[in-house]
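To start, the structure itself, in C-alpha coordinates.
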Amino acid sequence: MVEEERHFVDEVEVFGMPKAVRNYVLVECAEAEEVTSGGLILATTTVEKPNYGVVKSVGTGYRYPTTGVQVPMVIKPGDCVIYGSYGVDEVSIDDEDHVFVSQDAVLAKVNGDYKATNVEPIYDTMLVRRDSSTEELGSGLMLSAKAQSKPNTGTVS
(Lines give C-alpha, C1' and ligand atoms only; values in the text may rest on other atoms or scores of the structure.)
Protein backbone atom coordinates (compact mmCIF):
# COMPACT_ATOMS: atom_id res chain seq x y z
CA MET A 1 0.00 0.00 0.00
CA VAL A 2 1.32 3.43 -0.99
CA GLU A 3 1.43 5.97 1.82
CA GLU A 4 -0.40 9.18 0.91
CA GLU A 5 0.98 12.63 1.62
CA ARG A 6 0.23 13.81 5.13
CA HIS A 7 -0.94 17.36 5.68
CA PHE A 8 -2.27 19.35 8.61
CA VAL A 9 -5.51 21.27 8.09
CA ASP A 10 -6.26 23.54 11.04
CA GLU A 11 -3.92 21.33 13.11
CA VAL A 12 -5.76 18.12 12.17
CA GLU A 13 -3.75 15.49 10.29
CA VAL A 14 -5.25 14.51 6.93
CA PHE A 15 -4.04 12.29 4.11
CA GLY A 16 -3.77 13.94 0.71
CA MET A 17 -3.85 17.65 -0.12
CA PRO A 18 -7.28 19.30 0.32
CA LYS A 19 -8.95 20.17 -2.98
CA ALA A 20 -11.63 22.64 -3.99
CA VAL A 21 -15.01 21.29 -5.16
CA ARG A 22 -17.88 22.65 -7.30
CA ASN A 23 -17.23 26.32 -8.10
CA TYR A 24 -14.74 26.85 -5.28
CA VAL A 25 -11.09 27.82 -5.54
CA LEU A 26 -8.37 27.05 -2.97
CA VAL A 27 -5.98 30.01 -2.74
CA GLU A 28 -2.68 30.16 -0.85
CA CYS A 29 -2.71 33.66 0.64
CA ALA A 30 0.13 36.06 -0.04
CA GLU A 31 2.36 37.02 2.88
CA ALA A 32 1.21 40.11 4.75
CA GLU A 33 3.58 43.07 4.52
CA GLU A 34 5.15 43.75 7.91
CA VAL A 35 7.18 46.76 6.78
CA THR A 36 5.69 49.81 5.05
CA SER A 37 7.20 51.26 1.86
CA GLY A 38 8.65 54.00 4.12
CA GLY A 39 10.44 51.40 6.27
CA LEU A 40 8.13 51.41 9.31
CA ILE A 41 7.74 48.04 11.00
CA LEU A 42 4.09 47.23 11.70
CA ALA A 43 2.85 45.43 14.80
CA THR A 44 1.36 42.03 13.92
CA THR A 45 -2.06 43.18 15.17
CA THR A 46 -2.13 46.07 12.67
CA VAL A 47 -1.03 44.06 9.66
CA GLU A 48 -3.94 43.64 7.24
CA LYS A 49 -4.37 40.22 5.67
CA PRO A 50 -3.91 40.42 1.90
CA ASN A 51 -6.86 39.48 -0.33
CA TYR A 52 -4.78 37.95 -3.09
CA GLY A 53 -2.69 34.85 -3.64
CA VAL A 54 -1.90 31.86 -5.83
CA VAL A 55 -4.57 29.31 -6.77
CA LYS A 56 -3.68 25.79 -5.62
CA SER A 57 -6.83 23.91 -6.62
CA VAL A 58 -10.11 24.54 -8.47
CA GLY A 59 -13.39 22.68 -8.49
CA THR A 60 -15.15 21.32 -11.56
CA GLY A 61 -17.67 24.18 -11.84
CA TYR A 62 -21.39 23.98 -11.24
CA ARG A 63 -24.66 23.63 -13.08
CA TYR A 64 -26.79 26.73 -13.54
CA PRO A 65 -29.95 25.99 -11.51
CA THR A 66 -32.63 26.98 -14.03
CA THR A 67 -31.06 25.65 -17.24
CA GLY A 68 -28.77 22.86 -16.08
CA VAL A 69 -25.95 24.29 -18.22
CA GLN A 70 -22.49 23.57 -16.82
CA VAL A 71 -20.71 26.79 -15.80
CA PRO A 72 -16.99 26.19 -16.44
CA MET A 73 -14.14 27.40 -14.25
CA VAL A 74 -12.15 30.29 -15.74
CA ILE A 75 -9.61 30.18 -12.91
CA LYS A 76 -6.80 27.62 -13.16
CA PRO A 77 -4.23 26.33 -10.65
CA GLY A 78 -1.20 28.63 -10.66
CA ASP A 79 -3.23 31.79 -11.42
CA CYS A 80 -2.63 34.77 -9.15
CA VAL A 81 -6.01 36.15 -8.11
CA ILE A 82 -7.58 38.98 -6.13
CA TYR A 83 -10.71 38.01 -4.22
CA GLY A 84 -13.38 39.85 -2.26
CA SER A 85 -13.37 39.96 1.53
CA TYR A 86 -16.82 38.37 1.99
CA GLY A 87 -17.73 34.70 1.64
CA VAL A 88 -14.15 33.58 2.28
CA ASP A 89 -13.47 30.49 4.39
CA GLU A 90 -10.02 30.71 5.99
CA VAL A 91 -8.08 27.53 6.63
CA SER A 92 -4.51 26.75 7.66
CA ILE A 93 -2.82 24.02 5.62
CA ASP A 94 0.62 22.97 6.84
CA ASP A 95 0.90 26.25 8.81
CA GLU A 96 0.27 28.34 5.66
CA ASP A 97 -2.79 30.61 5.34
CA HIS A 98 -5.25 29.52 2.65
CA VAL A 99 -8.81 30.44 1.74
CA PHE A 100 -11.64 28.65 0.01
CA VAL A 101 -13.55 31.19 -2.07
CA SER A 102 -16.20 30.74 -4.75
CA GLN A 103 -15.15 31.60 -8.28
CA ASP A 104 -17.89 34.26 -8.25
CA ALA A 105 -16.02 36.07 -5.43
CA VAL A 106 -12.76 36.18 -7.43
CA LEU A 107 -12.52 39.73 -8.75
CA ALA A 108 -9.55 39.47 -11.10
CA LYS A 109 -6.49 37.57 -12.25
CA VAL A 110 -3.07 39.20 -11.97
CA ASN A 111 -0.62 38.44 -14.76
CA GLY A 112 2.86 39.19 -13.40
CA ASP A 113 3.56 41.89 -10.79
CA TYR A 114 0.71 43.33 -8.73
CA LYS A 115 0.27 46.45 -10.88
CA ALA A 116 -2.96 47.83 -12.32
CA THR A 117 -1.74 47.20 -15.87
CA ASN A 118 -1.45 43.46 -15.12
CA VAL A 119 -4.96 43.06 -13.67
CA GLU A 120 -7.45 41.09 -15.79
CA PRO A 121 -11.00 41.39 -14.39
CA ILE A 122 -13.19 38.31 -14.80
CA TYR A 123 -16.91 37.97 -15.47
CA ASP A 124 -18.72 41.26 -14.90
CA THR A 125 -16.09 43.01 -12.75
CA MET A 126 -14.07 46.01 -13.89
CA LEU A 127 -11.06 47.88 -12.59
CA VAL A 128 -11.71 51.56 -11.90
CA ARG A 129 -9.00 54.12 -11.13
CA ARG A 130 -10.51 56.43 -8.52
CA ASP A 131 -10.35 60.16 -9.06
CA SER A 132 -8.12 61.91 -6.52
CA SER A 133 -9.76 63.25 -3.37
CA THR A 134 -9.86 66.91 -2.45
CA GLU A 135 -7.42 67.96 0.27
CA GLU A 136 -8.78 71.50 0.65
CA LEU A 137 -12.24 72.78 1.47
CA GLY A 138 -13.76 75.75 -0.34
CA SER A 139 -12.93 77.88 2.71
CA GLY A 140 -9.22 77.08 2.38
CA LEU A 141 -8.98 74.58 5.27
CA MET A 142 -6.76 71.55 4.61
CA LEU A 143 -8.09 68.08 5.44
CA SER A 144 -6.05 65.26 6.93
CA ALA A 145 -5.87 62.04 4.90
CA LYS A 146 -8.30 60.30 7.29
CA ALA A 147 -10.84 63.13 7.10
CA GLN A 148 -10.95 63.04 3.30
CA SER A 149 -13.79 61.02 1.84
CA LYS A 150 -12.91 58.55 -0.87
CA PRO A 151 -14.19 59.66 -4.26
CA ASN A 152 -16.95 57.59 -5.86
CA THR A 153 -16.02 58.51 -9.43
CA GLY A 154 -13.20 57.28 -11.60
CA THR A 155 -11.97 55.99 -14.95
CA VAL A 156 -12.37 52.42 -16.16
CA SER A 157 -8.95 50.87 -16.79
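The values are calculated or read from the model by the stated rules, or taken from the named source; none is laboratory data. Bear in mind the structure is a predicted one, so any value in this text is a computation, not a measurement. We place every Cβ from the backbone using ideal geometry, glycine too, and count neighbours over all the protein chains shown. Note: accessible area is taken over every heavy atom of the protein model, side chains too, but ligands, DNA and RNA are not part of it. Shrake-Rupley method; radii C 1.70, N 1.55, O 1.52, S 1.80 Å.
Structure above, values below:
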{"item": "By average C-beta atoms within 10 angstrom, highest first, the peptides 50-56, 9-15, 64-70", "result": "50-56, 9-15, 64-70"}
{"item": "Pair VAL71, TYR86: separation of 7 Å Cα→Cβ label points (nm)", "result": "1.6 nm"}
{"item": "Solvent-accessible area of LEU107 with every protein chain in place, 1.4 Å probe, in Å² to the nearest 10", "result": "70 Å²"}
{"item": "Computed lengthening from GLU48 to ARG22, 0.36 nm per intervening residue step minus Cα-Cα distance", "result": "6.5 nm"}
